[in-house]
Every structure is written in structure tokens, then in C-alpha cells.
Amino acid sequence: MTTTRNTRRYWLMKSEPEECSIDDALAAIHSTVQWTGVRNYQARNFMRDEMQIGDGVLFYHSSCPEPGIAGIAEVASTTRTDPTQFDVRSPYFDPKSDPDKPRWLLLDVKALHKTRLLSLAELREHAELANLKVLQRGNRLSITEVDESDWKRVVKLLK
């Protein structure tokens, strides 16, 4: 359940550029895309319970030759049922998900602008960013929280 809060929070959201790149998001109507295909309970719970409209997003390209932050975006909607879980042709089809009690959710993400690629390798060069979850060993979550101080550091590096 989403609660109202006064402070903006920040997130890193991974997308495979072959599926949805920052360019794809910027080219979409209103520069907004549905964030479908989340199939991890913790990431789903972040979307459902903690993410709110207006939260900042580091748009991260993953599973590509050079992974890294490729743009800035924001959360543009609350969660709703992800229809890909019921589509047998979708790579995100989940035969165990019940239409009366859907397991998976999506939300909309609005791309604000493309940035230079801030690669994973370059992120690792900045000791002050060591707390970023994407840099921690074994972290494979597609959505992770970013501290406000880390958000500010990353945005400064992108300028």
C-alpha cells in the first residue's frame, strides 16, 4: 500500500537497452514507458510500497556491452497489474499468476533526459559512491534505492 510522504526518494532502475533504452523511453508518447517484466518480489515491493510519483530515477542500461547510467527519469504513476504475466507470448508470462490476484505489477517511468553514459567501471572509480547497491557484489536487483547524497553525486558526475 502506498503512503503519502513529503520527501522525494531516488531509485536506480535497470533496463536492457535491447528491450527499452533511454532513447526508446524519450521517443515514447509523453516520454513515458510502462516498466513491465519485474519478476523479483523485492523489486516489485519497492514499486508497490515505496515508490511514488515524482521520485527520481537513474535510468541504467544493463546486460549490454557497456552497462551504466544512461539517463534521468522519474516515477510517473502508481502501480497497476502488469499484463505481460498473463500473455503466453511474452517472455514475462507467469503461468502461476492468478488474474483474480495478480502477482506482478508495473508502473510508468517518464524519461526526462539522456545523459552521457556513466559506466559501471567509472562508477567504481568513485569511492564516495561505494554505497550504491549496483556496485555491491552479488546485487542483481533491477530496482534499488539510491541515497539522496549518492543521487546528487551521480548527477554532478553526469554534468
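The values are calculated or read from the model by the stated rules, or taken from the named source; none is laboratory data. Remember, predicted model here, so these are calculated numbers, not experimental data. Cβ atoms come from the backbone with ideal geometry, glycine included; neighbour counts cover every protein chain shown. Side chains are part of the model used for accessible areas, which takes the heavy atoms of the whole protein and leaves out ligands, DNA and RNA. Shrake-Rupley method; radii C 1.70, N 1.55, O 1.52, S 1.80 Å.
Worth pointing out:
- From the options ILE72, ILE29, residue that is out of contact with any Pro (no Cβ under 6 Å at 6 or more places or on another chain), among the aliphatic types (A, V, I, L, M), within 25 Å of VAL154 (Cβ to Cβ) and modelled with pLDDT of 95 or more: ILE72
- Consider segment 105-124 and keep the residues that are touching a residue at least 60 places away in the same chain (Cβ under 8 Å) and open to solvent by less than 10 Å² (accessible area, probe 1.4 Å). The one that is farthest from ARG48 (Cα to Cα) is ALA111.
- Per the conditions (1) open to solvent by 30 Å² or more (accessible area, probe 1.4 Å); (2) of a type outside the set (A, V, I, L, M); (3) assigned to a strand (DSSP E or B), the sole criterion not satisfied by THR144 is (1).
- Residues of segment 147-159 satisfying the condition of being buried (at least 16 other Cβ atoms within 10 Å of the Cβ) and part of a loop (DSSP other than H, G, I, E, B): none
Residues checked against (1) open to solvent by less than 20 Å² (accessible area, probe 1.4 Å); (2) without any contact (Cβ under 8 Å) to a residue 24 or more places away in the chain; (3) under 24 Å from VAL134 (Cβ atoms):
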position: ASN6; (1), (2), (3): no, yes, no
position: SER21; (1), (2), (3): yes, no, yes
position: TRP35; (1), (2), (3): yes, no, yes
position: PHE46; (1), (2), (3): no, no, yes
position: ILE53; (1), (2), (3): no, no, yes
position: HIS61; (1), (2), (3): no, no, yes
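- Hey, PRO65 under 20 Å from ASN45 (Cβ atoms) and surrounded by fewer than 16 Cβ atoms within 10 Å (Cβ to Cβ) or not: no
- Test: residue in segment 70-79 that is farther than 22 Å from LEU120 by Cα, out of contact with any helix residue (DSSP H, G or I) (no Cβ under 7 Å at 6 or more places or on another chain), open to solvent by less than 70 Å² (accessible area, probe 1.4 Å) and not hydroxyl-bearing (Ser, Thr, Tyr): yes
- Sole residue being out of contact with any strand residue (DSSP E or B) (no Cβ under 8 Å at 6 or more places or on another chain) and either under 18 Å from GLU145 (Cα atoms) or of a type in the set (Asp, Glu) (or both), chosen from TYR60, TYR41, TYR92: TYR41
- Condition check for ARG39: more than 16 Å from ALA111 (Cβ to Cβ), surrounded by fewer than 18 Cβ atoms within 10 Å (Cβ to Cβ) and either β-branched (Val, Ile, Thr) or touching a Phe, Trp or Tyr at 6+ places or on another chain (Cβ under 7 Å) (or both): yes
- Just one of (1) touching a helix residue (DSSP H, G or I) at 6+ places or on another chain (Cβ under 7 Å); (2) of a type in the set (S, T, N, Q); (3) in contact (Cβ under 8 Å) with a residue 60 or more places away in the chain fails for SER97. It is (3).
- In segment 126-141, residue nearest to the chain's Cα centre (by Cα) [restricted to those that are hydrophobic (A, V, I, L, M, F, W, C) and open to solvent by 40 Å² or more (accessible area, probe 1.4 Å)]: ALA130
- Options PRO67, PRO91, PRO83: the member that is in contact with a helix residue (DSSP H, G or I) (Cβ under 9 Å, 6 or more places away or on another chain) and either closer than 18 Å to THR36 by Cβ or modelled with pLDDT under 95 (or both): PRO91
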